[in-house]
1. Just one of (1) under 27 Å from A:GLN130 (Cβ atoms); (2) modelled with pLDDT under 80 trips up A:GLY86, so point out which.
2. Scan segment B:106-114 and give yes if some residue there is among the aliphatic types (A, V, I, L, M) and away from chain A (no Cβ under 14 Å), otherwise no.
3. Let me spell it out: the conditions are (1) open to solvent by less than 10 Å² (accessible area, probe 1.4 Å); (2) free of Cβ contacts under 8 Å to residues at least 40 places away in the same chain; (3) among the aliphatic types (A, V, I, L, M); (4) farther than 24 Å from A:THR352 by Cβ, and A:ILE257 meets all of them except one. Which number is the exception?
4. Quick test of your reading of the structure: B:SER95 fulfils all but one of (1) modelled with pLDDT under 90; (2) part of a helix (DSSP H, G or I); (3) crowded, with 20+ Cβ neighbours inside 10 Å. Name the failing condition by number.
5. Has segment A:325-345 got any residue that is open to solvent by 70 Å² or more (accessible area, probe 1.4 Å) and at pLDDT 90 or above?
6. Six or more apart or on different chains, Cβ atoms under 6 Å: show the pairs whose first residue is in segment A:176-190 and within 7 Å of chain B (Cβ to nearest Cβ) and whose second is surrounded by 11 or more Cβ atoms within 10 Å (Cβ to Cβ) and β-branched (Val, Ile, Thr).
7. Could you identify the single residue in A:SER163, A:SER99, A:SER135, A:SER151 that is within 29 Å of the chain's Cα centre (by Cα), over 30 Å from B:THR93 (Cβ atoms) and not hydrophobic (A, V, I, L, M, F, W, C)?
8. How many residues are open to solvent by 50 Å² or more (accessible area, probe 1.4 Å) and facing another protein chain (nearest Cβ under 9 Å) when one looks only at segment A:148-167?
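The values are calculated or read from the model by the stated rules, or taken from the named source; none is laboratory data. The structure displayed is predicted, hence computed values, not measured ones. No Cβ is skipped: glycine too gets one built from the backbone with ideal geometry, and neighbour counts run over all protein chains shown. Calculation scope for accessible area: heavy atoms of the full protein, side chains included, ligands and nucleic acids excluded. Shrake-Rupley method; radii C 1.70, N 1.55, O 1.52, S 1.80 Å.
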Amino acid sequence: MSNNTRVLLIEDNKFDRELVKYALQSSDATFQVIDACSAREFEAHLENSQFDVVLTDFNILGFGGLVVVNSVRKKFPDIPVIVITGTGSEQIAVESLKSGANDYIVKTPQHIRRLPYAIAAALEKMRLDQEARKSEQEIRELNEKLQEKVSERTAELEAFTSSVSHDLRAPLRRIYGFCYALKEECDDQLNEPGRDFLSRIIKSVDHMRLLIDGLIDLSKAMDKEMIYVSVDLSYIAHEIMNELKNDDPDRQVEITIVKDAKTHGEHKLLRVALTNLLQNAWKYTRPNNKPHIEFGILETTKDWVSYFVRDNGIGFDMQHKDEIFEVFKRLHTEDEFPGDGIGLATVKQIITRHRGKIWTNAIKDEGATFYFRLPTYHNAKDFHASNNSTDR
Amino acid sequence: MDILLVEDQRMDIELMLYALKKSRSPCNIVVMQNGQDALNYLLDDNSENQHAGHSWPNLILLDLKMPGIDGHQVLAKIKQTKHLKQIPVVILTSSSELKDRIRCYDSGANSYMVKPSSYHEFKMLIDKIREYWLELNTAAEDS
């Protein structure tokens with residue numbers, strides 16, 4: 001801002017104009033006063049807008065000081081307006097300030113001395129307001145940029161995971177395929193070590209396939225569109241246990257599944273979550289000669305239902321209770337218990353996307369229980385509505 | 001000719017041929033390694049070399065990701081061409097992307113299969129495709 005403050009003075013009384021100018025001259029700051037003695041002159045100056053601050057009489061012939069305040073406010077929301085008046089009344093002061101004037105000064109030689117300070121204060125306030133607005137704007141823009149960046153990165157990452165998973169699958173399928181072709185066509189030409197090597201290759205490829213399938217499940221759990229429907233978790237649990245039994249008919253496992261555990265959620269994802277939990281229970285109860293797996297309900301409240309999957313398998317040390325939900329975190333070697341280290345991370349992702357919570361409780365060598373809490377229909381209603389708005 | 005296979009990956013072609021050879025009832029198969037060749041083959045009515053006394057394939061197995069003219073374009077052209085649109089087209093791809101699936105069905109694909117990563121499942125799938133489309137399904141025209 002220049003040192004020379006341009007003051008638009010709207011005052012129809014010559015004597016009062018001189019009084020104001022005298023008051024301004026007596027200060028250290030320099031002012032350049034632009035006179036407007038009538039409504040027409042004021043309007044012309046308003047168009048040119050060559051001023052930093054407006055001083056206006058409260059009673060001007062033709063129109064009042066409040067009209068001036070309103071016109072200036074409308075066109076220049078930031079420029080300070082100070083009302084000066086010959087009759088000091090509380091009513092005028094209140095009216096002036098209410099209509100947006102910055103200050104109010106009575107035209108007596110005693111009071112008018114305050115004018116330069118009132119102008120300086122009003123200009124300082126304007127500067128601060130502008131700065132605050134600018135910072136707010138900058139923060140808002142930065143915030144928007146940041147959010148844009150985050151969603152961009154998330155999308156990139158998801159696209160990356162998904163394409164890597166799919167692109168990794170193709171060569172793997174070929175390795176797998178040719179291994180089997182080799183086995184089928186040339187088995188009798190291989191000697192014992194050769195057959196052993198081939199079966200190791202196939203086993204490793206199979207392991208890699210499980211890893212990639214797990215990664216694909218995980219990336220789906222992260223970015224699949226949520227389509228909320230009524231889901232019968234008891235029914236799904238029965239289906240999964242039947243599949244596990246069919247794949248492993250020799251095992252005798254006692255299975256308890258609660259009746260009518262129903263919820264609202266993304267059907268496919270909840271099935272993936274339950275599959276991972278029950279598969280784990282199935283796998284880790286292997287050393288137990290009286291294995292028992294239970295799917296049940298821990299607690300039902302108005303807002304939440306907490307479910308659990310409990311087994312009497314090998315359990316784990318509770319110091320690992322958080323890290324077992326991390327990707328590729330494994331507590332056992334591949335030879336002890338084959339696995340991909342992605343399953344529980346996927347389960348956690350799925351439960352979190354349902355705005356639920358997962359936790360665990362285990363005792364080493366005695367068993368593990370995995371709890372997960374899902375919102376009730378009424379608690380997640382708004383969420384369903386906003387998620388189902390996509391047309392399908 | 002029973003099957004036209006459109007697939008650019010040489011090794012996938014070999015595995016497919018191997019799986020078909022091992023299948024219960026082997027069938028005839030013609031392979032085109034890119035979209036342009038496939039369209040030339042299907043649209044080139046006047047060509048005497050391949051089409052002389054020929055019958056259209058009873059089934060087209062189509063990969064999606066191919067350089068140049070891709071599977072989507074080949075599919076669209078087939079389904080827009082009067083004498084080809086009744087031939088069943090089975091998409092056989094590594095993509096399980098929803099947008100690919102929707103686009104294929106929108107263009108008139110008869111079936112969409114994701115190539116399984118296990119060879120057993122792949123072989124089983126080829127067997128099932130062959131059985132369903134060439135034995136169980138009643139085609140629009142007799143070949």
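1. Only one criterion is unmet by A:GLY86, namely (1).
2. At the first step, the residues of segment B:106-114 found to be among the aliphatic types (A, V, I, L, M) are B:109, B:113-114.
Among the residues that remain, those that are also away from chain A (no Cβ under 14 Å) are: B:109.
Within segment B:106-114, one or more residues are among the aliphatic types (A, V, I, L, M) and away from chain A (no Cβ under 14 Å).
3. A:ILE257 satisfies every listed condition except (1).
4. Of everything listed in (1) modelled with pLDDT under 90; (2) part of a helix (DSSP H, G or I); (3) crowded, with 20+ Cβ neighbours inside 10 Å, B:SER95 misses just condition (2).
5. No; the residues of segment A:325-345 include none that is open to solvent by 70 Å² or more (accessible area, probe 1.4 Å) and at pLDDT 90 or above.
6. So the pair list comes out as A:TYR176/A:VAL205.
7. On the way: A:SER163 fails: over 30 Å from B:THR93 (Cβ atoms); A:SER99 fails: within 29 Å of the chain's Cα centre (by Cα); A:SER151 fails: over 30 Å from B:THR93 (Cβ atoms).
Testing whether each residue is within 29 Å of the chain's Cα centre (by Cα), over 30 Å from B:THR93 (Cβ atoms) and not hydrophobic (A, V, I, L, M, F, W, C) leaves just A:SER135.
8. Going through segment A:148-167 one residue at a time, the tally reaches 1.
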